[in-house]
1. Roll a 1.4 Å probe over the protein chains and send me the accessible area per residue for region 208-305 in Å².
2. For the chain, modelled as a Gaussian network with Cα springs under 10 Å, which listed residue fluctuates most, Ser183, Ser157, Ser139?
3. Would you mind calculating the gained length between Glu296 and Leu322 on full extension (0.36 nm times residue separation, minus the Cα-Cα distance), in nm to one decimal?
4. Which value in nm describes the separation of the simple spin-label points at Glu259 and Asp148, placed 7 Å from the Cα toward the beta carbon?
5. For the chain, return all DSSP H helices satisfying: extent of Cα atoms along own axis at least 15 Å; mean Kyte-Doolittle hydropathy at least 0.5.
6. Show Met92, Met235 ordered by accessible area, largest first, where the area counts protein heavy atoms only and the probe is 1.4 Å.
7. At R0 = 22 Å, how high is the FRET efficiency between Arg162 and Ser139 if r is their beta carbon distance? Nearest 0.05 is fine.
8. Using protein chains only and a probe of 1.4 angstrom, how many square angstrom of Asp242 are accessible, to the nearest 10?
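The values are calculated or read from the model by the stated rules, or taken from the named source; none is laboratory data. Quantities reported herein were computed from a predicted structural model and do not represent experimental measurements. With ideal geometry, Cβ positions are generated from the backbone for all residues, glycine too; neighbour counts draw on all protein chains shown. Remember, those area values only see protein heavy atoms, side chains included, never the ligands or the DNA or RNA. Shrake-Rupley method; radii C 1.70, N 1.55, O 1.52, S 1.80 Å.
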Amino acid sequence: MVKKILVAGAGGFIGGHLVARLRERGDCEIRAVDIKPFDQWHQYFDDVESLCLDLRERPCCEKVVVGVDEIYNLAADMGGIGFIEGNKFACMVNVLINTNLLLTANEVGVERFFFSSSACVYRGDLQNSDQTNFALKESDAYPADPEDGYGWEKLFSERMCRHAMEDCGLITRVARFHNSYGSHGTWSGGREKAPAAICRKVAFASISGNHSIEIWGDGTQKRSFMYIDDNIEGMLRIMYSDISEPINLGSAEMVTINEMVSIAEDIAGIKLSRRYRADAPIGVAGRSSDNSMILERLNWEPSTSLYDGLAKTYEWIYDQVLGSVAKNSRIETAYGVSRLYAK
Ligand code: NAD
Ligand code: GDD
């Protein structure tokens, strides 16, 4: 029998790529849902059932879960460090989305449920500047000290998934995504994460001829970045695995932000002067994914190099920046005003 799959947050970056992948696979029916109007979805497909609804509302969840076999919950009011540090309440309200989806999934008898958790669940003390090893393993989430706001909601919702499975029999799968990047995602406006922001700034410098860019912090912060194709592949593998506890889904290739800027410069073929902003949001000093568990359980891990993934992402963002300049818009790249303004 053909499965019906609900993608919650389908207008977003990862949800849009998941719908694209499932559609290509062609062996399931898809229902795509997001709170955003259709013209703001990163990817919209005319041949996919698409709905614009607020999944914090229980009746909306009831409407979309009917007749569904599997659910991917990728819906959240979120963004990069510039968004989550200043919007802790909104991030915590995301708990309503996962809770109402779980309640409804249990009632309707959904087979499988995927929840997109985050590396932000990990203990803060393991990500400070006095650490030498930033590769976080799954057990490092406890004793709990996650990112305030966004991380607490993710940790709580992880546990709701576990208890829905133990108490109600719903098969739940939870992956802790580490910073994911690629085309068809947010690249301006304040919610963008570092890879998209750096690509945008480098592309804008290249197009405008102003060869100076602003970097948040001193550029020594370390992160690992996962290319979207690996993100989607990993999600699907985890969903259909027997892994019933939260598992890392991230790249183990850790770089400093300065190193990522150098890669973007190399891709663009330019050299820029760098202005560092100590007053911008910085987050933790270092964070990467320990992939021992995913290698052991799936014999697989995200493997696209940052250079290759960023080259594809840069190409797409360059076109977006060029398009907005052509549309007579101006892009401010300074912290606090990283928005598109009509001239
Ligand atoms: P995104 O912001 O691009 O997509 C999330 C989508 O959810 C948006 O389109 C948004 O409109 C939608 N949404 C928000 N509130 C909603 C509501 N009440 N009802 C229905 N839809 C709603 O983010 P993304 O990068 O695609 O992330 C997807 C999921 O993965 C999120 O849960 C996020 O927390 C998680 N995650 C992402 C990353 C990353 O690096 N991208 C890292 C860790 C975890
Ligand atoms: N966003 C952004 N924009 N970050 C910048 C910039 C810039 O222009 N310049 C430097 N950075 C630095 C930030 O200061 C931070 O230290 C680092 O790049 C990474 O920033 P983000 O990509 O915005 O977020 P993060 O890695 O701290 O946290 C993200 O990753 C989690 C999963 O690993 C967040 O997006 C979370 O929402 C996500 O769950």
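1. Working: 3970 Å² over 98 residues.
Value for region 208-305: 41 Å² per residue.
2. Ser139
3. Details: separation 26, 0.36 × 26 = 9.36 nm, distance 4.39 nm.
Working it through step by step, the gained length comes to 5.0 nm.
4. 3.0 nm
5. Working: long enough: 13-25 (19 Å, -0.01); 95-108 (20 Å, 1.04); 150-168 (26 Å, -0.86); 194-208 (20 Å, 1.06); 228-239 (16 Å, 0.18); 257-268 (16 Å, 0.70); 306-326 (29 Å, 0.14).
Those that pass (Cα extent of 15 Å or more, hydropathy at least 0.5) are 95-108, 194-208, 257-268.
6. On the way: Met92 85, Met235 0 Å².
Ranking Met92, Met235 by accessible area, largest first, yields Met92, Met235.
7. Details: r = 15 Å, r/R0 = 0.67.
It comes to 0.90.
8. Around 110 Å² of this residue is reachable by solvent.
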